[in-house]
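Just below is one structure, and these are the notes that go with it.
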Amino acid sequence: MKFYSTNRSSPDMSFKEAVIKGLPQDKGLFFPEQVPTLPPSFFEALPDMALPEIAYEVLKEYTAPDIKPDALRAICEEVFTFPIPLVQVEEGIYALELFHGPTCAFKDVGARFMSRCLQAFAEPDKPVTVLVATSGDTGSAVANGFLGVDNIEVVILYPKGGVSEIQEMQFTTLGQNITAVAVEGTFDDCQQLVKQAFSDEELTREMNLSSANSINVARWLPQMVYYFHAWGQWRKQNPENDAAGATFAVPSGNFGNLAAGVIARQMGLPVLYFIAATNRNKVVPAYLESGEYSPAPSVATIANAMDVGSPNNFPRILEMFGNKYEDLKQVLKGYWTEDAPIRTAIQEVNENHKYLLDPHGAIAYLSLKQYLPSMETDGIFLETAHPAKFKGSIDDILGSDIALPEQLQAFLNKPKQSGSIGNNYSQFAALLQEQHKLQSQS
Ligand SMILES: *Cc1c(COP(=O)(O)O)cnc(C)c1O
């Protein structure tokens, strides 16, 4: 598959080139030249297909010919090793639990897939440095997905004091090829530093830079797999239901996850509506209401992995609707909330339905409560992280002491290794150059 830039002034690239470059030169986003549609036989078989098999079928056209069929099968088997259950929370509302992977967040899927692709593409004499800006969960998923992979160095930038303690431990305790750097600034500042590095000609001449942010096609595309899986499981659990499709509520920050759902729909997945569910960083819900798209500095909330003021994947969603606002509004609904209703939802759902929401999933749950009565179908919300990743908030809300899953406990006793810089590009560039020097000496 060839990928073009949504800004249309960079040359088309193969899957391999798009994965290595991450971002087109013209600062658009890579988008597949053609979105394949899947045959009815695929959807009939879907409820009984295993995740690696679904992954292979939906991804094969995007990765060909750079990844051969056998190699893709092997990658899908390695990536989808954990379950993604669809759990009924109450009548008509289901949680898609995306938190059973190694770092307990949905980002494990994309990060693991991308690391295996990059490993397949990296050349021994040309090491790749992967730059990541994280608001919390990207850092841990990418760090763990890439840990120990040959010829790849990972540099993670995160806002100092802006991620939870457990999140921080998951990417600052690893060592090996993973370097973590705290930035005196917000997530948007971190993202800006990464963008600046990519447009720094001197730096990119010396170093092979790649991005593992959700803009990378190898992180973005595999996320569609679990939308297909969710629909299959929903059909399986509700053979009598004759709704034309489900509604998916997606807790959103950079909108990569939601953009993956939208491309799944373009490939034929029966989805009636998507709900873009956000915290107070409500650029997209506000756009759906007013038609005005106004990125704003991010504000801190208890759903911190969604504290994004300028969502970098949104242009892909616009692209899929041909940049037509009216068409977009037919399918995509917006919802946003303050922190207080999130706390109440966590408490009430725990009490009434014995289901523990995390702050991000709670927003999507709330969005379904608002919209479902007028939608005539069931709702599936994405549970994007394990509630224990936000243990501080959850314990505070419930007056509890919730247990950490095994995956998270493993990080607790390791020493933190992390540097620190100001919100300053020359400091960041110097750090990268220093690291590159060390790498080429080793
Ligand atoms: C990253 C993240 C999100 C936002 O996902 P996007 O693809 O950036 O919209 C939501 N919830 C959690 C827990 C996350 O880590």
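Within the stretch 191-204, restricting attention to residues that are in a helix (DSSP H, G or I) and within 24 Å of CYS117 (Cβ to Cβ), which residue is farthest from the chain's Cα centre (by Cα)?
Checked the stretch 191-204; the qualifying residue farthest from the chain's Cα centre (by Cα) is LEU203.
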> With GLU383, GLU376 as the choices, which residue is acidic (Asp, Glu) and at positive phi?
Replying inline: GLU376
>> Name the residue that is surrounded by the fewest Cβ atoms within 10 Å (Cβ to Cβ), counting only residues in the stretch 275-329 that are basic (Lys, Arg) and more than 17 Å from PRO251 (Cβ to Cβ).
In response: LYS324
> Assuming MET224 fulfils every condition listed in (1) more than 14 Å from the ligand (Cβ to nearest atom); (2) within 26 Å of ALA122 (Cα to Cα); (3) of a type in the set (A, V, I, L, M) apart from one, which condition is it?
Replying inline: (1)
>> Looking at the stretch 276-288, can you tell me whether even one residue there is more than 14 Å from the ligand (Cβ to nearest atom) and in contact with a Phe, Trp or Tyr (Cβ under 6 Å, 6 or more places away or on another chain)?
In response: yes
> What tally of residues in the stretch 402-428 results from selecting those that are touching a Cys at 6+ places or on another chain (Cβ under 7 Å) and assigned to a helix (DSSP H, G or I)?
Replying inline: 2
> Does LYS369 fit the bill of being assigned to a helix (DSSP H, G or I), farther than 30 Å from TYR4 by Cβ, at pLDDT below 95 and not aromatic (Phe, Trp, Tyr)?
Replying inline: no
> Is it the case that LYS60 is over 25 Å from THR301 (Cα atoms) and of a type in the set (Lys, Arg)?
Replying inline: yes
>> For the condition modelled with pLDDT under 90, farther than 17 Å from ASN423 by Cα and of a type in the set (Val, Ile, Thr), what is the one hit in THR138, THR172?
In response: THR138
> Which residue out of LEU38, LEU46 is in contact (Cβ under 8 Å) with a residue 60 or more places away in the chain, touching a Gly at 6+ places or on another chain (Cβ under 6 Å) and in a loop (DSSP other than H, G, I, E, B)?
Replying inline: LEU38
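Scan the stretch 289-311 for residues that are hydrophobic (A, V, I, L, M, F, W, C) and either near the ligand (Cβ under 10 Å from one of its atoms) or closer than 29 Å to ALA243 by Cβ (or both) and jot them down.
Kept after step one, since they are hydrophobic (A, V, I, L, M, F, W, C), are these residues of the stretch 289-311: 296, 299-300, 302-303, 305-306, 308.
Matches in the stretch 289-311: ALA303, ALA305, MET306, VAL308.
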> What are the residues in the stretch 356-371 that are away from the ligand (no atom under 11 Å from the Cβ) and either under 23 Å from the mean Cα position of the chain (by Cα) or β-branched (Val, Ile, Thr) (or both), if any?
Replying inline: LEU356, LEU357, TYR365, LEU366, SER367, LEU368
>> So the check is Cβ under 6 Å with 6+ separation or different chains; which pairs have a first residue in the stretch 262-278 that's over 18 Å from LEU368 (Cα atoms) and modelled with pLDDT of 95 or more and a second one that's part of a strand (DSSP E or B) and hydrophobic (A, V, I, L, M, F, W, C)?
In response: ARG265/VAL271
> So is ARG265 at negative phi, touching a Leu at 6+ places or on another chain (Cβ under 7 Å), buried (at least 17 other Cβ atoms within 10 Å of the Cβ) and of a type in the set (Lys, Arg) or not?
Replying inline: no
>> If the requirement is being in contact with a Gly (Cβ under 9 Å, 6 or more places away or on another chain), modelled with pLDDT of 90 or more and of a type in the set (Val, Ile, Thr), which of these qualifies: VAL163, VAL250, VAL194, VAL225?
In response: VAL250
> Using beta carbons and a limit of 9 Å, which pairs, at least six apart or on different chains, have the first residue in the stretch 58-71 and farther than 13 Å from VAL35 by Cα and free of Cβ contacts under 8 Å to residues at least 60 places away in the same chain and the second one assigned to a helix (DSSP H, G or I) and among the aliphatic types (A, V, I, L, M)?
Replying inline: ASP66/VAL19; ASP66/ALA120; ILE67/LEU59; ILE67/ILE75; ILE67/ALA120; ALA71/ALA120
> List the pairs whose first member sits in the stretch 151-163 and is among the acidic types (Asp, Glu), whose second member is at pLDDT 90 or above, and whose Cβ atoms are under 8 Å apart, counting only residues at least 6 apart or on separate chains?
Replying inline: GLU153/THR129; GLU153/VAL130; GLU153/ASN177; GLU153/THR179
>> Considering only residues that are out of contact with any strand residue (DSSP E or B) (no Cβ under 7 Å at 6 or more places or on another chain), surrounded by fewer than 20 Cβ atoms within 10 Å (Cβ to Cβ) and outside any loop (DSSP other than H, G, I, E, B), which ones fall in the stretch 120-155?
In response: ALA120, PHE121, GLU123
> For the stretch 385-411, how many residues are within 25 Å of the chain's Cα centre (by Cα) and either of a type in the set (Asp, Glu) or closer than 21 Å to THR179 by Cβ (or both)?
Replying inline: 3
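Could you pull out the residue among LEU98, LEU59, LEU29 that is over 30 Å from LYS369 (Cα atoms), within 16 Å of the ligand (Cβ to nearest atom) and touching a helix residue (DSSP H, G or I) at 6+ places or on another chain (Cβ under 7 Å)?
Just a single option satisfies the conditions, and that option is LEU29.
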>> Tell me yes or no: at least one residue of the stretch 312-319 is away from the ligand (no atom under 13 Å from the Cβ), of a type in the set (Asp, Glu) and at pLDDT 95 or above.
In response: yes
>> Just to verify a result, which residue in the stretch 372-401, among those that are surrounded by 20 or more Cβ atoms within 10 Å (Cβ to Cβ) and assigned to a loop (DSSP other than H, G, I, E, B), is nearest to the ligand (Cβ to nearest atom)?
In response: THR384
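Taking the residues in the stretch 205-221 that are assigned to a strand (DSSP E or B) and within 12 Å of SER115 (Cα to Cα) as candidates, determine which candidate is farthest from the ligand (Cβ to nearest atom).
For the stretch 205-221, the residue satisfying everything is SER210.
The values are calculated or read from the model by the stated rules, or taken from the named source; none is laboratory data. Please read all numbers here as calculations on a predicted model, not as lab measurements. Cβ sites come from the backbone with ideal geometry, for glycine too, and all protein chains shown count toward neighbours.
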